[in-house]
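Participant: Before we start, here is the structure in question, set down as structure tokens.
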Amino acid sequence: MELSPQKQRTRRAILDAAAGEWAQDPAVSLGRIAVAAGVGRATVHRYFPDREHLRSALTSDAWAALHAAIVEAAPGAGSVLEVIDRVVSAMVHVGDRVLFLFASAEGNPSDADTPVADAVDELLVAEIERGQREGELDATVPAQWIQRMVWSIVYTGLHATGDGLVARHGVDDLIRWTLRGAIGAR
């Protein structure tokens, strides 16, 4: 069933609010999400009958948003370090969804979300392997290790913004600087 443009905007507002609130507090109430979305709790329930439906929809939305952001970062275009810089910026741009995936879904996709999550990982690992072949990245460590480093450092940076340690607008630079030191060719 296709939603009207107004209903699409309302659904999007609820998902955006849920991502922001859930990223900060995995036990957030649906009432607090409703307030953050600017709707009533009954409206949240019209779109998502219960907390589990909302969590499931947000998980799928988060993986899809992350995949779209990484594809938009143009893997394969330019040097690997440039691509990784763009991927980091893309991940920071959808930061609440990345934090949500770590905090609520613990990074584990559902069966339905596995193909998208796998595609996200495959894009990143392919770039890392290209960087190792081309001598831009340290080839002495497994590509999956570097991929996990990217995820971990992005998560740490995003979490640090929530703690007030780093401003959100400057966190990408700090993440990129840290990653280049950790994964660059030796």
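Participant: Which whole-Hz ³J(HN,Hα) couplings does segment 71-81 yield from phi under the Karplus relation 6.51 cos²θ - 1.76 cosθ + 1.60, θ = phi - 60°, glycine and proline marked x?
Facilitator: So the Karplus estimates, Gly and Pro as x, are 4, 5, 6, 6, x, x, 9, x, 5, 4, 5 Hz.
Participant: For segment 1-52, what value does the Rg/Rh ratio take when both radii are computed over Cα atoms and Rh is the Kirkwood radius, given to two decimals? Before the final figure, lay out each step's value.
Facilitator: Values: Rg = 10.6 Å, Rh = 11.0 Å.
That ratio equals 0.96.
Participant: Using only the alpha-carbon atoms, how far is helix 5-24 inclined from the longest principal axis of the chain? Give it as 0 to 90 degrees, nearest 10.
Facilitator: Taking the Cα atoms of the chain, the angle to 5-24 is about 60 degrees.
Participant: With θ set to phi - 60° and the Karplus curve 6.51 cos²θ - 1.76 cosθ + 1.60, what are the ³J(HN,Hα) couplings of segment 84-90 in order, to the nearest whole Hz, using x for Gly and Pro?
Facilitator: 4, 4, 5, 5, 4, 4, 5
Participant: Here's something else I'd like to know. Just for the Cα atoms in the chain, what are the lengths along the principal axes, largest first, rounded to whole Å?
Facilitator: Computed over the chain, the largest-to-smallest principal extents equal 57, 37, 25 Å.
Participant: To continue, here is another question. Of all accessible surface on the chain at a 1.4 Å probe, what whole percent is carbon and sulfur? Kindly include the intermediate steps, with their values, before the conclusion.
Facilitator: Numbers: 5150 of 9430 Å².
The C+S portion of the solvent-accessible surface of the chain is 55 percent.
Participant: Determine the calculated [θ] at 222 nm for the chain from helices alone, applying -39500 (n - 2.57) to every DSSP H run no shorter than 4 residues and normalising by the residue count; nearest 500 deg cm²/dmol. Intermediate values should be presented prior to the final figure.
Facilitator: Numbers: 9 runs with 133 residues, N = 186.
Calculated from helices alone, the mean residue ellipticity at 222 nm is -23500 deg cm²/dmol.
Participant: In addition: Accessible area per residue, 1.4 Å probe, Å², for segment 42-85: what's the number? Don't skip to the answer; put the middle values down first.
Facilitator: Details: 1910 Å² over 44 residues.
Computed with neighbouring chains in place, this is 43 Å² per residue.
Participant: Just to confirm the number: angle between the C-alpha axis of helix 171-183 and the first principal axis of the chain, 0 to 90 degrees, nearest 10?
Facilitator: For helix 171-183, the angle is close to 40 degrees.
Participant: Given 20 °C and 1.002 mPa s, compute D for segment 81-186 with the Stokes-Einstein relation, Rh being the Kirkwood radius over Cα pairs; round to the nearest whole µm²/s. Could the numbers behind the result be given before it?
Facilitator: Numbers: Rh = 14.2 Å.
Diffusion coefficient, whole number: 151 µm²/s.
Participant: Once you have the Kirkwood Rh of segment 1-93 from its Cα pairs, apply Stokes-Einstein at 25 °C and 0.890 mPa s and quote D in µm²/s.
Facilitator: On the way: Rh = 14.6 Å.
This corresponds to a translational diffusion coefficient of 168 µm²/s.
Participant: While we're looking at this one, here's another question. Once amide H atoms are placed 1.01 Å from N in the peptide plane, what residues at a sequence separation of 5 or more from LEU137, or on another chain, have their amide H within under 5 Å of its amide H?
Facilitator: Long-range HN contacts for LEU137: GLN132, ALA185.
Participant: Related question: Calculate how large, on average over all directions, the projected area of the Cα convex hull of segment 121-170 is; give the answer in nm² to one decimal. Show your work: numbers first, answer last.
Facilitator: Values: hull surface 16.3 nm².
Average projection, Cα convex hull of segment 121-170: 4.1 nm².
The values are calculated or read from the model by the stated rules, or taken from the named source; none is laboratory data. Treat the numbers as computed from the prediction; the structure is a model and nothing was measured. Side chains are part of the model used for accessible areas, which takes the heavy atoms of the whole protein and leaves out ligands, DNA and RNA. Shrake-Rupley method; radii C 1.70, N 1.55, O 1.52, S 1.80 Å.
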